[in-house]
Amino acid sequence: MNEMEDAGADQGICKKSWLVVQALSGASQWLDIFLIFSIPSFLWHAPPADIALVAAAFAIPSLVLGPFVGFLTDRGDSKIIMLYGATARTALTICIAFAPSLYPFLALVFAKGLANTFYWASSSVMTRRLVPAHARTRYYANLSALDQASKIAAPLFAGGLTQLLAMPMVFLFSGAIMAAATGLLPAVLLRDPETCKALEEAGSSEADRPTPAFGLMTRLPRGLLLGALASVAVSALLAVYDPHLAAYLSFLGFSGETYSWIMSSTALGAATAAILVRRVVIGRNSVANLMRGGLLVYSCVLVVTAFVVSYVPQKSIEPFLMALWFVNGFGYELFAIGAGVNLQNLCPRQLLGRVSTSIRSAQLAAVLSFPIFGAWLIAVYGRTAPFVFSAGAAVLLMLAGAALWLRPVSGKV
């Protein structure tokens, strides 16, 4: 009995320590994202084309190499890969602080994007090993709440520090946060009950072939496949309208302050969803219900948004948009928490790194490409067209979701 209690206590400590590591890693990444796009704009006055290059340098490693990094993570020692990835993230973050001009900055950002890809791929595998299935929904809810807090605090923290330091030097604080996470990793990973040998023995012939998970999708559990498709669809819908919100508000005559309040409403809605999931008793089929409920809320709010931007007078629209983006963030986060747990629970262990990075690559491809489609809609049909299109697509998504609701997903979720 004492041995069982000790094992349970050790597992609880491990889960909490892992949560701290991931929360610190997320906080560092939010600081990096803010700085990576702020420094070229404000320090070097880079034109839009160069800002696009920065975005490409940061995203391309995950977009192009993600599935193959996932394969290496599935077949290799995920602990060692994660330690190397965390160490590289720390070192590169510090190096970026001393980049003398735009092009060395771009090279370091690309290298950091590659290190991020290795880190987050191995993170998916280690989460499966360190967090037991019954605790994953609560774990993802806690992590999401902390992540949203970091998302809100990072620009404020960085902005405050720039009053005291040169903007590039703020990267040193991000590096210090990542160094703290890296320092905690060895102690956390030593608590992993599985050995790398056992993990390799659990592999199959599928894991031995360096095929991206796109080619394996038809052989995945139905519940996982549907969750992956829904994740990409939601990311695509978001990318059609959300990048154009600032331009739409400017067109209506609102200031940047209005835009910041609406974005804060989104983060507040997401944090509210995470806290709600954290406090609600987790029951049977709760993961599937989180995904379905989140998708329903998200889709409905897009339909209402299309109505508001089309018919509500401009002088009265601001509070409506703040409320809608709060509910938007709430629904999106419910879905995202459910999708994260669904992936962990249903994905075959020997394919987890590859499948998670392939889904992330597909989402990133949607995030990078669909804003172009949104811009085309604006050019052809007007400023409100992305919102109206997204509402129509959301109706189709709701109909598909309603049909799937009547057919429970396969696998234990």
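Since every read-out is calculated from the coordinates, none of them should be taken as a lab result. Note that the structure is a prediction, hence the values are computed from the model and not measured. Reconstructed Cβ throughout: ideal geometry from the backbone, glycine too, with neighbour counts over all protein chains shown.
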query: Taking a quarter of the surface of the convex hull around the Cα atoms of the chain, what do you get in nm²?
result: 20.9 nm²
statement: Per the helix-only model, the chain has a calculated mean residue ellipticity at 222 nm (DSSP H runs of ≥4, -39500 (n - 2.57) each, divided over all residues, rounded to the nearest 500) of -28000 deg cm²/dmol
- request: Assign unit charges at the C-beta atoms only (+1 for Lys and Arg, -1 for Asp and Glu), then state the dipole size of the range 210-413 relative to its Cα centre in Debye, rounded to the nearest 20.
  value: 860 debye
query: Using alpha-carbon positions, what is the distance between the centroids of the range 127-143 and the range 293-323, in Å?
result: 33 Å
Modelled FRET efficiency - R0 60 Å, TYR103 with TYR381, Cβ distances, 0.05 increments: 0.95
- line: Checking LEU346, LEU65, LEU156 against a Gaussian network model of the chain (alpha-carbon springs below 10 Å), the top fluctuating residue turns out to be LEU156
Volume of the Cα convex hull of the range 210-413, divided per residue and given in Å³: 124 Å³
- request: Would you mind giving the three semi-axes, in whole Å and largest first, of the ellipsoid equivalent to the range 35-189 according to its Cα gyration tensor?
  value: 29, 19, 14
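Beta carbons within 10 angstrom, averaged per residue: use that to sort the peptides 89-95, 353-359, highest first.
Details: 89-95: 21.1, 353-359: 28.1.
Peptide ranking by packing, descending: 353-359, 89-95.
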field: Gain in span if fully extended, MET167 to TYR311, counting 0.36 nm per residue against the direct Cα distance
entry: 47.6 nm
- prompt: What residue among PRO313, PRO40, PRO61 has the largest mean-square fluctuation in a Gaussian network model of the chain, using Cα springs under 10 Å?
  reply: PRO313
message: What are the membrane-span-like helices in the chain by this rule: whole DSSP H runs, Cα extent along the axis at least 27 Å, mean Kyte-Doolittle hydropathy at least 1.0?
response: 48-75, 170-189, 222-241, 286-311, 352-381, 385-405
message: With unit charges on the beta carbons (Lys and Arg positive, Asp and Glu negative) and the dipole taken about the Cα centre of the range 210-413, which residue among SER286, SER369, PHE251 sits farthest to the positive side?
response: SER286
